[in-house]
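The values are calculated or read from the model by the stated rules, or taken from the named source; none is laboratory data. Just so we're clear, the structure is a prediction, and the values are computed from it rather than from any experiment. So basically every Cβ, Gly included, is an ideal-geometry build from the backbone, and we count neighbours across all protein chains shown. Note: areas computed on protein heavy atoms with side chains; ligands, DNA, RNA excluded. Shrake-Rupley method; radii C 1.70, N 1.55, O 1.52, S 1.80 Å.
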Amino acid sequence: DLAQQMVPEFPGNPEGGKPSGKPHDSRERLAVSVRELRMALARGIDFNIALSMILESLYASMGFNRVVTFFRDAGMLKAKVGFGSGVPEVLSGLTFPEAYAADVFHLSLANKADVFIQNVASSQSSSSIPAWLREALPDVDAFVLLPLVFNGKAICLIYADWCMGATNQIEPSEFSSMGALRDYLMRALIKWK
């Protein structure tokens, strides 16, 4: 409930509805988020709280338009929870089969690799962008994929995007911090199991 109340204050929802993208102090925000999550895990928070903290941290720190987590469910990967622009309305359209297809989502999962795609509409990346994403989120210009791997298998995927017109560059240190947040979430899952 608190997160829902705070959403209008996040940089992803600027006044006037114009996308702003990444804040100037994103690196510092991410570093603070990593420290806060590390301390929260030391206090014994569970997976669900850790997931909420990470999604909120990514959303606010990087000024993403939306951040969503996909979970495996009966042969599909389905978006279950997220923050950002129109998330409640788009969650049901964010579903794709677990069976391998030659797209960036399956490549990220199969290779357990973090991915950043810029200029989604460009000809170089367009063939690897799945049709379901283009249909459900036509305003996406760039996105990040962070798979969670448990016992050698990707069990869920964090997705975050910027819409067209937003600042969408990621520095290596920011990408590293996003990976660290994901790794802490994995630790929370292992403790929870």
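Could you tell me which residue of the range 162-183 is nearest to ARG35 (Cα to Cα), considering only residues that are assigned to a helix (DSSP H, G or I) and either among the polar types (S, T, N, Q) or modelled with pLDDT under 90 (or both)?
If we filter the range 162-183 for residues that are assigned to a helix (DSSP H, G or I), which is where we start, we get 172-183.
Narrowing further to those that are either among the polar types (S, T, N, Q) or modelled with pLDDT under 90 (or both): 173, 176-177.
Numbers: SER173: 15, SER176: 14, SER177: 10 Å.
Checked the range 162-183; the qualifying residue nearest to ARG35 (Cα to Cα) is SER177.
Look at (1) of a type in the set (S, T, N, Q); (2) over 15 Å from MET186 (Cβ atoms); (3) modelled with pLDDT of 90 or more and you find that THR69 fails only one, number (2).
Taking the stated definitions as given, is GLY63 open to solvent by less than 40 Å² (accessible area, probe 1.4 Å), in contact with a Ser or Thr (Cβ under 8 Å, 6 or more places away or on another chain) and modelled with pLDDT of 90 or more? For GLY63, the condition - open to solvent by less than 40 Å² (accessible area, probe 1.4 Å), in contact with a Ser or Thr (Cβ under 8 Å, 6 or more places away or on another chain) and modelled with pLDDT of 90 or more - is met. Annotation note: of PHE116, PHE83, the sole residue that is part of a strand (DSSP E or B), open to solvent by 50 Å² or more (accessible area, probe 1.4 Å) and under 27 Å from VAL34 (Cα atoms) is PHE116.
If you scan the range 127-150, which residues turn out to be more than 13 Å from TRP162 (Cα to Cα), out of contact with any Lys or Arg (no Cβ under 7 Å at 6 or more places or on another chain) and surrounded by fewer than 20 Cβ atoms within 10 Å (Cβ to Cβ)? Full working, then the answer.
Of the range 127-150, the ones more than 13 Å from TRP162 (Cα to Cα) are 127-136, 146-150.
Filter again for out of contact with any Lys or Arg (no Cβ under 7 Å at 6 or more places or on another chain), leaving 127-136, 150.
Those that are more than 13 Å from TRP162 (Cα to Cα), out of contact with any Lys or Arg (no Cβ under 7 Å at 6 or more places or on another chain) and surrounded by fewer than 20 Cβ atoms within 10 Å (Cβ to Cβ): SER127, SER128, ILE129, PRO130, ALA131, TRP132, ARG134, GLU135, ALA136, PHE150.
Looking only at the range 57-83, count how many residues are touching a helix residue (DSSP H, G or I) at 6+ places or on another chain (Cβ under 6 Å), within 18 Å of ARG29 (Cα to Cα) and not basic (Lys, Arg).
At the first step, the residues of the range 57-83 found to be touching a helix residue (DSSP H, G or I) at 6+ places or on another chain (Cβ under 6 Å) are 57, 61-62, 66-67, 79, 83.
Narrowing further to those that are within 18 Å of ARG29 (Cα to Cα): 57, 61-62, 66-67, 83.
Next cut, not basic (Lys, Arg) only: 57, 61-62, 67, 83.
Total meeting the criteria: 5.
The one condition from (1) outside any helix (DSSP H, G or I); (2) touching a Lys or Arg at 6+ places or on another chain (Cβ under 7 Å); (3) open to solvent by less than 20 Å² (accessible area, probe 1.4 Å) that ILE155 does not meet is (3).
Identify, from the list GLU89, GLU56, the residue that is open to solvent by 40 Å² or more (accessible area, probe 1.4 Å), at pLDDT 90 or above and farther than 22 Å from PRO138 by Cβ. Can you show your working first?
Working: GLU89 fails: farther than 22 Å from PRO138 by Cβ.
From the options GLU89, GLU56, the qualifying one is GLU56.
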